[in-house]
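Let me begin by presenting the structure, written as C-alpha cells, before commenting on it.
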Amino acid sequence: MSDPAGQPAQLGSAAAPPTTALVVVDMQVDFGRPDGALFVAGGDAVLPVVRDWIARATEADWPVFYTQDWHPPKTPHFVIDGGLWPVHCVRDTAGAALLPGLPVTGPVVRKGADGRDGYSGFSVRDPRSGAVDATELDSLVAATGVRELVVVGLAGD
C-alpha cells in the first residue's frame, strides 16, 4: 500500500480502533545480511523501509506482529537432513536473530521450531507427512479484530 512516489499510504486516525495490522516477516540475519546463510537478494536494503512501516503503524496504533524462522539444528527442512534448504536460522544462533536495529513492538511468532517448514507465518507443514497446522499468528491477528494486513519484510516467497 504505497502512494505513487513509493511512500507508505496514510495510515488513518489513531482515534478509531485499528482496522489494519502490520506483519513483519522474517527480518533475520540469515536472510537480511549478505553473509547470511540464505541471503535474500537486496535484503540488506529492506530494513530502513520496514523500520518506517513499523514507526508509522505504531503511530497509528496498529498492532504489529513479527515472524521468525527458528529451526532446530537438525530438521528434515535442511538439505543435510533430506530437505530443500541450506542450514539457516538455527534457534539461538546469530543467524536466527532479528536484524539489529529492527524495532520490536509486538509479539514474535517463531516458526519451524519443531522441524516443520514455516513457509507462512500463519501455518507450518510437516516435511514428511505434509500435514499443515496453524501457528499462533492467526489467533493473535483475529483477537485484534483487524480486517486488513500490511505485510513487509524478507523471505515472503
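Considering region 136-157, and only residues there that are touching a Phe, Trp or Tyr at 6+ places or on another chain (Cβ under 6 Å) and modelled with pLDDT under 95, the residue that is surrounded by the most Cβ atoms within 10 Å (Cβ to Cβ) turns out to be Leu154. Scoring Asp61 on the criteria (1) part of a helix (DSSP H, G or I); (2) over 17 Å from the mean Cα position of the chain (by Cα); (3) within 17 Å of Val150 (Cα to Cα) leaves a single failure, condition (1).
One line per residue, one yes/no per condition, for (1) over 22 Å from Leu137 (Cβ atoms); (2) free of Cβ contacts under 8 Å to residues at least 40 places away in the same chain; (3) not in a helix (DSSP H, G or I):
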| position | (1), (2), (3) |
| --- | --- |
| Pro18 | no, no, yes |
| Leu38 | no, no, yes |
| Pro48 | yes, yes, no |
| Tyr66 | no, no, yes |
| Gly83 | yes, no, yes |
| Gly101 | yes, no, yes |
| Thr105 | no, no, yes |
| Arg110 | no, no, yes |
| Asp114 | no, no, yes |
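Only residues that are touching a helix residue (DSSP H, G or I) at 6+ places or on another chain (Cβ under 9 Å) and within 21 Å of Asp92 (Cα to Cα) were counted across region 45-70, and they come to 5. Among the residues in region 7-21, are any at pLDDT 95 or above, crowded, with 16+ Cβ neighbours inside 10 Å and on the phi < 0 side of the Ramachandran plot? Yes, there is a match, as at least one residue in region 7-21 is at pLDDT 95 or above, crowded, with 16+ Cβ neighbours inside 10 Å and on the phi < 0 side of the Ramachandran plot.
Filtering region 127-145 to residues that are more than 23 Å from Met27 (Cα to Cα), outside any helix (DSSP H, G or I) and under 19 Å from the mean Cα position of the chain (by Cα) leaves only Val132. One residue is enough: does region 46-68 have a residue meeting the conditions surrounded by fewer than 17 Cβ atoms within 10 Å (Cβ to Cβ), at pLDDT 95 or above and under 24 Å from Tyr119 (Cβ atoms)? Looking through region 46-68, at least one residue is surrounded by fewer than 17 Cβ atoms within 10 Å (Cβ to Cβ), at pLDDT 95 or above and under 24 Å from Tyr119 (Cβ atoms).
The residues of region 86-118 that are surrounded by 15 or more Cβ atoms within 10 Å (Cβ to Cβ) and at pLDDT below 90, listed by number, are Gly112, Ala113, Gly115, Arg116, Asp117, Gly118. In the set (1) outside any loop (DSSP other than H, G, I, E, B); (2) more than 14 Å from Asp30 (Cβ to Cβ), the condition left unmet by Gly95 is number (2).
The values are calculated or read from the model by the stated rules, or taken from the named source; none is laboratory data. In this text the structure is predicted, and so the values were computed from the model without any measurement. FYI the Cβ positions are ideal-geometry reconstructions off the backbone, even for glycines, and counts take in every protein chain you see.
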